[in-house]
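The values are calculated or read from the model by the stated rules, or taken from the named source; none is laboratory data. Nothing here was measured: the structure is a model prediction, and the numbers come from that model. So basically every Cβ, Gly included, is an ideal-geometry build from the backbone, and we count neighbours across all protein chains shown.
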Amino acid sequence: MDSPTGDFLVNQIKAGSLDVVIVYRSNALASASTGKKFTVLGIHRPEAIATQPYAVANKTKFPRLMSRFLDTCLSEEGKSRFLKFGFRWELHDTAADRRKRRGVPAANRK
């Protein structure tokens, strides 16, 4: 099944139309009843990689808002907040990624 959102899959398993789903832990535990009605297991495999993309509208009034948010999340303070709530991540940040976040035009990227 292809689903646009993890919460949709969680609702489908709650409704009984699915027997198992793979979602982010945050989706699975967003409702207290989920943890009581279902067994939530982690996938502890090095090849199990979750990628979280983000997008910025081409015509936004705030073209740097997402890059500022991402920079905040990646700061030591931001990372400690995420860790405090049980989130984990591994960042593969490249120079090209940083230039994109700062809004450097593609023609000037190296």
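Of note:
- For the stretch 76-87, filtering for residues that are assigned to a loop (DSSP other than H, G, I, E, B) and surrounded by 10 or more Cβ atoms within 10 Å (Cβ to Cβ) leaves 1.
- Any chance G42 is of a type outside the set (V, I, T) and either more than 20 Å from L83 (Cα to Cα) or modelled with pLDDT of 90 or more (or both): no
- In the set A28, A57, only one residue is modelled with pLDDT of 85 or more and more than 21 Å from F85 (Cα to Cα); that residue is A57.
- Pick from the stretch 47-62, criterion more than 17 Å from V23 (Cα to Cα) and under 20 Å from the mean Cα position of the chain (by Cα), ranking: surrounded by the most Cβ atoms within 10 Å (Cβ to Cβ): V56
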